[in-house]
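The values are calculated or read from the model by the stated rules, or taken from the named source; none is laboratory data. Since the model is a prediction, treat every value here as computed from it, not as a measurement. When we count neighbours, we look across all protein chains shown, and the Cβ atoms used for this are built from the backbone with ideal geometry, even at glycine. Areas reflect the complete protein model, heavy atoms only, side chains present, ligands, DNA and RNA absent. Shrake-Rupley method; radii C 1.70, N 1.55, O 1.52, S 1.80 Å.
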Amino acid sequence: MIELSNVSKTYGSGAKAVHALKNVHLAIPKGAIHGVIGLSGAGKSTLIRCVNLLERPTEGSVVVDGRDITRLGAAELNRARHRIGMIFQHFNLLTTRTVFDNVALPLELAGERKAAIKRRVAPLLDMVGLADKAGMYPAQLSGGQKQRVAIARALASDPQVLLCDEATSALDPQTTSAILELLRDINVKLGITILLITHEMEVVKSICHRVSLISNGELVEDADVGDFFTAPRTDLGRDFLNDFLELTPPKELTARLLEAPGEHTHPVVRLTFSGDAVSTPLISRLARECDVDVSILQAKVESIQERTLGLMIAELLGDTDQTRKAMEYLKAHQLQVEVLGHVQRDV
Ligand SMILES: Nc1ncnc2c1ncn2[C@@H]1O[C@H](COP(=O)(O)OP(=O)(O)O)[C@@H](O)[C@H]1O
Ligand SMILES: [Mg+2]
């Protein structure tokens, strides 16, 4: 449904040039909810704005529903844009228009008749849960309600694609989950393809099927959400995951961690396990079969869509041979083992 090929975007030129996107390839099938996550300034907004040509790529093609929209003339582009809705972090409603008139705006601009507009707007307000707010003005609404108006307006012209630029970033956690629920509903009921960008893993976790990670204008990961959460492939991906899970070693331990093993040290490891490994009593088997003691410092089990993800930070207590054997044992049972460092043994 959406296909970006070799898309680059440079703002400005010469010494002041900012390369906001570099050779981005991205393919999103019809009906998918695709997330793009990245730090502030990574190029997320530029990327999403290239999909409806609010920003024109410096290079590359943007194919939406089989047509390269970078090659369309003004009138055709206008029509194509009609089928691409967009919502923003700060809602972008017209403050002097009522809820009804905000939602009606794209239909008015398309020259629809009053009666047709009325027939179209009422069910949209119903769908977003604002049937009783039609006559209110944006200033009378909460943030979540404003975003609902923006969603109804984006749906007014019957789009195939909905672009969401940090749509929940200005909302509190509870309102965020209600809006995400609504987006999921829209995706299922109307079959609309959703591309959303966010800096929050929680958003990706709650509704995305796939996720891309963007860093300095480059897409550095592209994965199923379950895979991304259980096995990110880049350091940045792991940083996002660890921040989200808040699974970093306790400070007093970090202070004692040595980079290299010494004569009387033992390893501190971060274990990530998913699938069958979660329900297997691996730690007690480890103790029995490898003759090491395991001291658990932190542990957590998370549900990511249909997958279960377990995480643990632990000290492996044993001699060099035993702890090496223990790590091999864990890896052989599909756990990811990351050595965070080594600590001096208490003697
Ligand atoms: N209109 C613009 N003119 C010049 N530079 C811009 C413009 N828009 C964005 N940038 C720059 O491009 C980079 C990516 O910005 P943006 O796409 O907004 O990132 P994000 O949405 O991930 O925070 C940043 O360095 C930003 O300063
Ligand atoms: Mg942005």
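Here are some notes:
- Taking Cβ atoms as reference points and 11 Å as the exclusive limit, the residues near Arg56 contribute a net charge of 0, counting Lys and Arg as +1 and Asp and Glu as -1.
- Extreme residue, positive dipole direction of the chain, given options Ile33, Gly237, Pro138 (C-beta unit charges): Pro138
- Crossing angle, helix 114-127 versus the chain [Cα axis fit, 0-90 degrees, rounded to tens]: 20
- What the Cβ-Cβ distance of Val339 and Asp224 gives, at R0 = 35 Å and to the nearest 0.05, is a FRET efficiency of 0.85.
- Region 1-68 and region 278-322 have Cα centres separated by 41 Å.
- Sum of side-chain charges, Leu286 neighbourhood, beta-carbon under 10 Å (Lys, Arg +1; Asp, Glu -1): 0
- With all protein chains modelled, accessible area of Asp65 [1.4 Å, Å²]: 80
- Sites Leu72 and Ala255, calculated FRET efficiency, Cβ-Cβ separation with R0 51 Å, nearest 0.05: 0.30
- Per residue, in Å², the accessible surface of the chain once ligands and nucleic acids are set aside, probe 1.4 Å: 49
- Average projection area in nm² (convex hull over Cα atoms of region 93-172, one quarter of hull surface): 5.3
- Calculated [θ] (222 nm, deg cm²/dmol) that DSSP helices of n ≥ 4 give over the chain, each run adding -39,500 (n - 2.57): -11000 deg cm²/dmol
- Each Cα pair under 8 Å and six or more residues apart adds its sequence gap; the mean of these over the residue count of the chain is a relative contact order of 17 percent.
- Charges were assigned to the Cβ only: +1 to each Lys and Arg, -1 to each Asp and Glu. The resulting dipole of the chain about its Cα centre is roughly 1820 debye.
- Basic side chains Lys and Arg get +1 at the Cβ, acidic Asp and Glu get -1 at the Cβ, and with that the dipole of region 6-104 about its Cα centre reaches some 60 debye.
- Of the solvent-accessible surface of region 252-344, computed with a 1.4 Å probe over protein heavy atoms with every protein chain present, carbon and sulfur atoms account for 47 percent.
- Along principal axes, Cα extents of region 2-243, largest first, whole Å: 52, 42, 33
- Potential extension, Met136-Ala287 segment - 0.36 nm per residue separation minus Cα distance: 47.9 nm
- Sparse packing (at most 11 other Cβ atoms within 10 Å of the Cβ) combined with a DSSP loop state is found for the following GluC sites (Glu not before Pro) in region 222-281: Glu246, Glu259, Glu263.
- Other residues whose C-beta falls under 12 angstrom from the C-beta of Ser142 contribute a net charge of +2, scoring Lys and Arg +1 and Asp and Glu -1.
- Flagged links, alpha-carbon separation over 30 Å, of Lys16/Lys146; Lys9/Lys30; Lys22/Lys331; Lys16/Lys251; Lys146/Lys300: Lys16/Lys146; Lys22/Lys331; Lys16/Lys251; Lys146/Lys300
- Within the listed set Ala156, Ala115, Ala299, the Gaussian network model of the chain (springs between alpha-carbon atoms below 10 Å) gives the highest mean-square fluctuation for Ala115.
- For the chain, the longest principal axis of the C-alpha atoms and the axis of helix 235-245 are separated by about 90°.
- Cα-based helix-to-principal-axis angle, 320-332 vs the chain, degrees rounded to 10: 40
- As a fraction of the 1.4 Å probe accessible area of region 2-243, surface on carbon and sulfur atoms comes out at 49 percent.
- Top positive-direction residue, dipole computed over region 256-329 with Cβ charges, set Ile283, Leu311, Val301: Val301
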